[in-house]
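Undergrad: What follows is a single structure, and I will ask about it in a moment.
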Amino acid sequence: AGTFRILRVHEGGGVTIEVSIPAGVIGNPHRHPEGEELLMLSGEVEIDGLILRTGDYLHTPPGAVHRARAITDARFVLVLPAVPEYL
């Protein structure tokens with residue numbers, strides 16, 4: 001579980017959100033039909049073996065599938081041009 005704060009609703013259905021998740025949370029696998037941008041504000045998150053720390057940025061290309069795991073309590077911003085599809 002975590003908390004989400006909507007920062008901006010995009011024309012066409014996308015959204016920019018701030019996410020806060022506690023250590024140990026593991027997200028379900030999902031696909032990003034239009035890609036995703038992630039900017040770490042604090043903490044550590046592992047996405048398919050890649051460790052992201054405070055200040056790191058990740059671009060996920062359209063159609064990519066992944067899952068995330070919070071190593072520590074973490075906060076990040078997600079730019080989602082389209083809603084993810086959960087598998």
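Undergrad: If you take the residues in the range 1-42 that are of a type in the set (S, T, N, Q) and open to solvent by less than 60 Å² (accessible area, probe 1.4 Å), which one is nearest to Leu78 (Cα to Cα)?
TA: Thr16
Undergrad: Out of the range 53-86, which residues are open to solvent by 90 Å² or more (accessible area, probe 1.4 Å), within 19 Å of Phe4 (Cβ to Cβ) and not charged (D, E, K, R)?
TA: Val83, Tyr86
Undergrad: Being more than 20 Å from Leu87 (Cβ to Cβ) and in contact with a Leu (Cβ under 7 Å, 6 or more places away or on another chain) is the filter here, so list the residues in the range 18-36 that pass it. Even if it seems obvious, please write down each step before you answer.
TA: First, the residues of the range 18-36 that are more than 20 Å from Leu87 (Cβ to Cβ): 18, 20, 22-24.
Result: Glu18, single match.
Undergrad: Next question, about the same structure. Sort out which residues of the range 41-52 are within 20 Å of Arg5 (Cα to Cα) and assigned to a strand (DSSP E or B), and write them in order of number.
TA: Leu41, Ser42, Glu44, Val45
Undergrad: Moving to a separate point now. Is it the case that some residue within the range 59-70 is over 18 Å from Val83 (Cβ atoms) and either assigned to a loop (DSSP other than H, G, I, E, B) or touching a helix residue (DSSP H, G or I) at 6+ places or on another chain (Cβ under 7 Å) (or both)?
TA: no
Undergrad: Follow-up question, since we're still on this one. Could you say which residue among Leu41, Leu7 is touching a residue at least 60 places away in the same chain (Cβ under 8 Å) and of a type in the set (A, V, I, L, M, F, W, C)?
TA: Leu7
The values are calculated or read from the model by the stated rules, or taken from the named source; none is laboratory data. What you see is a predicted model, and the numbers here were worked out from it, not measured in a lab. Counting neighbours? That spans all protein chains shown, and the Cβs are built from the backbone with ideal geometry, glycine included. Ligands, DNA and RNA are stripped out before the accessible areas are found, and what is left, the full protein with its side chains, is counted by its heavy atoms. Shrake-Rupley method; radii C 1.70, N 1.55, O 1.52, S 1.80 Å.
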